[in-house]
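S.K.: I have a structure I would like to understand better, so I am pasting it below and will then ask my questions one at a time.
The values are calculated or read from the model by the stated rules, or taken from the named source; none is laboratory data. This structure is a prediction, so every number in the text was calculated from the model and none was measured. Cβ coordinates were reconstructed from backbone atoms using ideal geometry, including for glycine residues, and neighbour counts include every protein chain displayed.
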Amino acid sequence: MKVKSKIRMKGSIKLYLQCSLYLGFLLLALNLGIYLLDILSALVLSGFLLIYFGVILYLYFRNKSVILNELVSFATEYGQIQRKLLKEFELPYALLDDGGRIIWTNNMFEEHIYKVKGISKPISSIFPQINVDKLLEEQEEASIELSLEIGEYTAKLKKISLKDMAQNSDIISPEGYNGFLIAFYLFDETALRIALQENDNQSLAVGMIYLDNYEEALETTEEVRRSLLVALIDRKVNKYISAVDGICKKLEKDKFLVILRKEAVTQLQNSRFELLEDVKTVNIGNEMAVTVSIGIGLGGLTYSQNYEFARTSIDLALGRGGDQAVVKTPQKISYYGGKSQTVEKTTRVKARVKAHALREIITAKDTVIIMGHRMADVDSFGAAVGLYRIAKSLDRKAHIVINQVTTSVKPLVDLFVNNQDYEADMIVNSTQALELPTANAVLVVVDVNKPSITECPELLKLCKSIVVLDHHRQGSETIENATLSYVESYASSTSEMVSEILQYIKDGVKVRPYEADCMYSGIMIDTNNFMSKTGVRTFEAAAFLRRCGADVTRVRKLFREDAVEYKAKADAVSQAEIYRQDYAISVCKSDGLESPTIIGAQAANELLNIIGIKASFVLTEYQGTIYVSARSIDEVNVQLITERMGGGGHMTIAGCQFPQISLTEGIQRIKECLDAMIEEGEL
């Protein structure tokens with residue numbers, strides 16, 4: 001009773017209880033006024049007021065106690081009802097302390113998620129994905145998606161401050177207290193996500209299928225059988241697409257447009273696009289197997305965007321040599337296949353067309369800036385020298401950008417440095433090159449199509465007119481908005497491509513002997529002395545350079561090795577580890593070597609001479625980075641392997657880099673990549 005006597009009412013309930021008293025005082029004032037008019041009437045009213053105040057005061061003190069009792073009972077029952085409702089709440093709900101430990105759960109949480117017994121457990125013991133400190137570090141609320149055995153959920157966490165409670169507490173000091181509880185809800189979104197996934201699976205994907213070597217295959221087939229060959233290939237393609245409920249329409253003699261559901265694309269990816277291998281089995285007397293390239297675009301915001309993705313994908317597939325499938329989404333590009341050698345085109349029509357286009361671009365400019373990849377090799381420099389001669393033959397100022405002259409390129413660079421026949425600014429570094437671009441300058445990029453590994457990536461942003469000449473297979477990262485792009489993966493080297501262009505760029509172009517030596521060296525190094533990736537056009541280009549004055553003996557003398565380099569290469573070969581019976585992995589020590597990466601690449605070539613070796617990998621540590629040279633003959637596509645590790649290259653010549661790791665970790669990464677690709681059936 002003492003507690004109730006100390007309770008003071010306020011607000012509407014206080015006004016309601018005291019309203020009669022206020023009216024009584026108003027009547028009392030009125031009564032005083034009546035005494036001035038009529039004493040008898042005032043006495044009667046005074047008697048009424050005495051009775052009125054007596055009744056009001058009695059009811060006030062009596063009802064106050066009753067009302068307080070009712071309020072306390074209601075509050076108690078209301079709290080019990082709230083607790084019961086929360087306990088029977090249809091959503092899994094839990095209350096956590098500020099350390100993330102569970103202190104209370106409702107029935108749904110205990111039945112469907114976890115029944116907490118004994119000492120409270122951290123929420124992270126049930127959901128390892130939830131880190132309370134990290135999620136609520138700078139915010140009051142947070143949400144996270146969870147995948148449980150019973151379905152898909154979204155968890156929401158909300159801070160509940162206890163500061164007000166501390167201020168009214170007799171046992172907790174409010175000063176500096178910032179304690180809180182955490183309300184934890186789980187929302188079941190299984191049905192919603194299933195519906196969204198089903199809708200996503202039905203979304204449109206656009207594809208294109210091109211026959212890579214249609215004309216060449218027909219030429220090797222008897223004329224009476226050509227129509228049958230075409231019919232069999234068409235049937236293979238249509239049957240393959242129809243099997244996944246897709247639509248296939250032939251646009252041209254060697255091109256198909258395909259419409260698929262996204263779910264069907266997933267099926268094709270899981271089977272690694274069996275059509276790539278299946279179409280090669282068509283043989284009715286044709287000497288050359290037909291190969292196809294597939295480009296698919298999906299995940300775009302519109303149908304037209306998916307179509308553009310498909311066009312980009314097919315261009316990538318063809319640029320990488322064909323016989324592969326490329327799937328492009330807004331997030332990433334995936335590659336499949338690409339296991340066969342690129343077929344060399346015997347016609348040089350494309351080279352002539354590109355040469356004429358290049359001449360038009362250069363003649364419209366005043367300055368030509370030529371740039372290769374970082375740590376320029378012989379092919380990169382040879383191609384740059386060829387472009388320099390093209391520019392000079394068209395009376396244009398030309399510069400070659402090189403930052404670091406490696407031991408492999410130094411003998412060639414020395415031919416031009418301090419040579420009176422060549423300008424002093426023929427070869428410049430990146431700092432000097434950045435001052436050259438003007439509105440009337442063209443940048444020619446040779447032997448590389450990845451902007452991040454060019455000699456000076458900043459030049460790509462400064463030059464509006466860009467030309468790309470390269471023989472490497474294209475990857476996800478390419479030089480965009482190029483005025484002219486000539487990327488032919490079947491070419492042995494960029495020097496070969498430039499040698500062909502030289503023959504069509506202008507009548508009577510005279511290539512000087514030193515320049516011919518450089519381009520001949522580029523072809524010789526990239527073909528490993530004409531033993532790999534060598535076609536008819538390779539020898540034709542070499543013959544042209546020989547006619548221009550290239551001296552084989554002089555070139556051989558330029559590339560003789562010193563004793564330290566020769567011993568380092570021999571040591572790398574002798575220390576090689578044979579992994580899974582087919583792959584040679586070794587380390588080339590960089591101590592005392594000026595260009596250890598070059599020696600590593602040569603050691604990788606030497607390891608292929610071991611019987612049974614399908615591919616070789618040589619790791620070289622140089623300037624804090626692990627450089628990996630990968631080589632093969634024809635059984636393994638090392639480009640696919642190095643692409644998985646962030647690199648790229650050709651089917652038989654590729655490489656990648658591992659920054660900030662040890663040689664042991666680099667070897668382990670290569671082994672893990674090989675294991676994964678073997679298990680997935682890619683090797």
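S.K.: As an exercise: evaluate residue 621 against (1) touching a residue at least 24 places away in the same chain (Cβ under 8 Å); (2) on the phi > 0 side of the Ramachandran plot and give the number of the one condition it does not meet.
M.R.: Here residue 621 clears every test but (2).
S.K.: Identify the single condition in (1) over 24 Å from residue 520 (Cα atoms); (2) in contact (Cβ under 8 Å) with a residue 60 or more places away in the chain; (3) of a type in the set (Asp, Glu) that residue 377 does not satisfy, given that it satisfies every other one.
M.R.: (1)
S.K.: Only one of (1) farther than 27 Å from residue 531 by Cβ; (2) hydrophobic (A, V, I, L, M, F, W, C); (3) in contact with an Asp or Glu (Cβ under 7 Å, 6 or more places away or on another chain) fails for residue 599. Which number is that?
M.R.: Looking at each condition in turn, residue 599 falls short on (1).
S.K.: When only residues in the range 285-299 that are over 20 Å from residue 249 (Cβ atoms) and modelled with pLDDT of 85 or more count, which is surrounded by the fewest Cβ atoms within 10 Å (Cβ to Cβ)? Show your work before the answer.
M.R.: Taking the range 285-299 as the starting set, the residues that turn out to be over 20 Å from residue 249 (Cβ atoms) are 285-289, 291, 299.
Pick out the ones that are also modelled with pLDDT of 85 or more and you get 291, 299.
Numbers: 291: 24, 299: 18.
Residue satisfying both the conditions and the ranking: 299.
S.K.: Shifting gears a bit: Take the conditions over 22 Å from the mean Cα position of the chain (by Cα) and without any contact (Cβ under 8 Å) to a residue 60 or more places away in the chain and apply them to residue 292. Does it pass? Before you say what the answer is, go through the steps one by one.
M.R.: Values: over 22 Å from the mean Cα position of the chain (by Cα): yes; without any contact (Cβ under 8 Å) to a residue 60 or more places away in the chain: no.
Against the criterion (over 22 Å from the mean Cα position of the chain (by Cα) and without any contact (Cβ under 8 Å) to a residue 60 or more places away in the chain), residue 292 does not qualify.
S.K.: Further, regarding this structure: Among the listed residues 415, 387, which satisfies the condition of being within 19 Å of residue 495 (Cα to Cα) and not in a helix (DSSP H, G or I)? Lay out the reasoning, then the answer.
M.R.: Details: 387 fails: not in a helix (DSSP H, G or I).
Being within 19 Å of residue 495 (Cα to Cα) and not in a helix (DSSP H, G or I) holds for just one of 415, 387, which is 415.
S.K.: Among the residues of the range 269-289, count how many are touching a helix residue (DSSP H, G or I) at 6+ places or on another chain (Cβ under 8 Å) and either in a helix (DSSP H, G or I) or in contact (Cβ under 8 Å) with a residue 40 or more places away in the chain (or both). Give the steps one after another, and end with the answer.
M.R.: Our first condition is that a residue be touching a helix residue (DSSP H, G or I) at 6+ places or on another chain (Cβ under 8 Å); within the range 269-289, this holds for 274-275, 278-279, 282, 284-286, 288-289.
Keeping just the survivors that are either in a helix (DSSP H, G or I) or in contact (Cβ under 8 Å) with a residue 40 or more places away in the chain (or both) gives 275, 278-279, 282, 284-286, 288-289.
Within the range 269-289, residues that are touching a helix residue (DSSP H, G or I) at 6+ places or on another chain (Cβ under 8 Å) and either in a helix (DSSP H, G or I) or in contact (Cβ under 8 Å) with a residue 40 or more places away in the chain (or both) number 9.
S.K.: Check 422, 388 and return the single one that is modelled with pLDDT under 90 and of a type in the set (Ser, Thr, Tyr).
M.R.: On the way: 388 fails: modelled with pLDDT under 90.
Testing whether each residue is modelled with pLDDT under 90 and of a type in the set (Ser, Thr, Tyr) leaves just 422.
S.K.: Just a yes or no: is a residue in the range 304-321 aromatic (Phe, Trp, Tyr), more than 21 Å from residue 335 (Cβ to Cβ) and not assigned by TED's automatic domain parsing to the domain that holds residue 637? Even if it seems obvious, please write down each step before you answer.
M.R.: In the first step, residues of the range 304-321 are kept if they are aromatic (Phe, Trp, Tyr); the result is 307, 309.
Subset that is more than 21 Å from residue 335 (Cβ to Cβ): none.
Checked against the condition, which is being aromatic (Phe, Trp, Tyr), more than 21 Å from residue 335 (Cβ to Cβ) and not assigned by TED's automatic domain parsing to the domain that holds residue 637, the range 304-321 yields no hits at all.
S.K.: Give the residue, chosen from 453, 466, 402, 427, that is among the β-branched types (Val, Ile, Thr), touching a residue at least 12 places away in the same chain (Cβ under 8 Å) and in contact with a Lys or Arg (Cβ under 8 Å, 6 or more places away or on another chain). I'd like the intermediate steps shown before the answer.
M.R.: Details: 466 fails: in contact with a Lys or Arg (Cβ under 8 Å, 6 or more places away or on another chain); 402 fails: in contact with a Lys or Arg (Cβ under 8 Å, 6 or more places away or on another chain); 427 fails: in contact with a Lys or Arg (Cβ under 8 Å, 6 or more places away or on another chain).
Of 453, 466, 402, 427, the one residue that is among the β-branched types (Val, Ile, Thr), touching a residue at least 12 places away in the same chain (Cβ under 8 Å) and in contact with a Lys or Arg (Cβ under 8 Å, 6 or more places away or on another chain) is 453.
S.K.: Let me confirm something: among 276, 229, which residue is under 16 Å from residue 212 (Cα atoms) and in contact with a strand residue (DSSP E or B) (Cβ under 9 Å, 6 or more places away or on another chain)? Break it down into steps so the answer makes sense when it comes.
M.R.: Working: 229 fails: in contact with a strand residue (DSSP E or B) (Cβ under 9 Å, 6 or more places away or on another chain).
After ruling out the rest, the residue left standing is 276.
S.K.: If you check residue 355 against the conditions, is it at pLDDT below 90, of a type in the set (A, V, I, L, M) and farther than 30 Å from residue 327 by Cβ?
M.R.: Working: at pLDDT below 90: yes; of a type in the set (A, V, I, L, M): yes; farther than 30 Å from residue 327 by Cβ: yes.
Criteria met by residue 355.
S.K.: Of these, 299, 295, which one is in contact with a Ser or Thr (Cβ under 9 Å, 6 or more places away or on another chain) and assigned to a loop (DSSP other than H, G, I, E, B)?
M.R.: Values: 295 fails: assigned to a loop (DSSP other than H, G, I, E, B).
Checking each option against the conditions leaves just 299.
S.K.: Quick one: would you say residue 451 is in contact with a Pro (Cβ under 8 Å, 6 or more places away or on another chain), under 20 Å from residue 653 (Cα atoms) and modelled with pLDDT under 90? Please lay out each step first, then the result.
M.R.: Values: in contact with a Pro (Cβ under 8 Å, 6 or more places away or on another chain): yes; under 20 Å from residue 653 (Cα atoms): yes; modelled with pLDDT under 90: yes.
Yes.
S.K.: Residues that are in contact (Cβ under 8 Å) with a residue 12 or more places away in the chain, aromatic (Phe, Trp, Tyr) and under 30 Å from residue 592 (Cα atoms): does the range 405-416 have at least one?
M.R.: Yes, the range 405-416 contains at least one residue that is in contact (Cβ under 8 Å) with a residue 12 or more places away in the chain, aromatic (Phe, Trp, Tyr) and under 30 Å from residue 592 (Cα atoms).
S.K.: Report yes if residue 463 is in contact with a helix residue (DSSP H, G or I) (Cβ under 7 Å, 6 or more places away or on another chain) and either modelled with pLDDT under 85 or farther than 27 Å from residue 550 by Cβ (or both), otherwise no.
M.R.: It is false that residue 463 is in contact with a helix residue (DSSP H, G or I) (Cβ under 7 Å, 6 or more places away or on another chain) and either modelled with pLDDT under 85 or farther than 27 Å from residue 550 by Cβ (or both).
S.K.: Now for a separate question. Can you tell me which residues in the range 474-504 are among the β-branched types (Val, Ile, Thr) and closer than 22 Å to residue 412 by Cβ?
M.R.: Residues of the range 474-504 that are among the β-branched types (Val, Ile, Thr), as a first pass: 478-479, 483, 487, 494, 498, 501.
Residues satisfying the conditions are 494, 498, 501.
S.K.: Given the criterion touching a Lys or Arg at 6+ places or on another chain (Cβ under 7 Å), outside any loop (DSSP other than H, G, I, E, B) and over 21 Å from residue 578 (Cβ atoms), identify the matching residue among 639, 657.
M.R.: Working: 657 fails: touching a Lys or Arg at 6+ places or on another chain (Cβ under 7 Å).
Just a single option satisfies the conditions, and that option is 639.
S.K.: If residue 398 passes every condition in (1) under 28 Å from residue 646 (Cα atoms); (2) in contact with a helix residue (DSSP H, G or I) (Cβ under 7 Å, 6 or more places away or on another chain); (3) outside any loop (DSSP other than H, G, I, E, B) but one, which one does it miss?
M.R.: Among (1) under 28 Å from residue 646 (Cα atoms); (2) in contact with a helix residue (DSSP H, G or I) (Cβ under 7 Å, 6 or more places away or on another chain); (3) outside any loop (DSSP other than H, G, I, E, B), the lone unmet condition for residue 398 is (1).
S.K.: If I ask for residues that are closer than 14 Å to residue 499 by Cβ, among the aliphatic types (A, V, I, L, M) and surrounded by fewer than 20 Cβ atoms within 10 Å (Cβ to Cβ), which ones from the range 536-595 would you list? Full working, then the answer.
M.R.: If we filter the range 536-595 for residues that are closer than 14 Å to residue 499 by Cβ, which is where we start, we get 536-550.
Among the residues that remain, those that are also among the aliphatic types (A, V, I, L, M) are: 536, 541-543, 545, 550.
If the condition is that a residue be closer than 14 Å to residue 499 by Cβ, among the aliphatic types (A, V, I, L, M) and surrounded by fewer than 20 Cβ atoms within 10 Å (Cβ to Cβ), then 536, 543 are the ones that fit.
S.K.: Condition first: farther than 16 Å from residue 357 by Cβ, surrounded by fewer than 24 Cβ atoms within 10 Å (Cβ to Cβ) and modelled with pLDDT under 80. Can you find one or more residues in the range 510-525 that meet it?
M.R.: Within the range 510-525 (the criterion being farther than 16 Å from residue 357 by Cβ, surrounded by fewer than 24 Cβ atoms within 10 Å (Cβ to Cβ) and modelled with pLDDT under 80), the answer is no, since none of the residues qualifies.
Residue-by-condition table, conditions (1) on the phi > 0 side of the Ramachandran plot; (2) among the β-branched types (Val, Ile, Thr); (3) touching a helix residue (DSSP H, G or I) at 6+ places or on another chain (Cβ under 8 Å):
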| position | (1), (2), (3) |
| --- | --- |
| 442 | no, yes, yes |
| 458 | no, no, yes |
| 467 | no, yes, yes |
| 481 | yes, no, no |
| 488 | no, no, yes |
| 491 | no, no, yes |
| 508 | yes, no, no |
| 518 | no, no, yes |
| 525 | no, yes, yes |
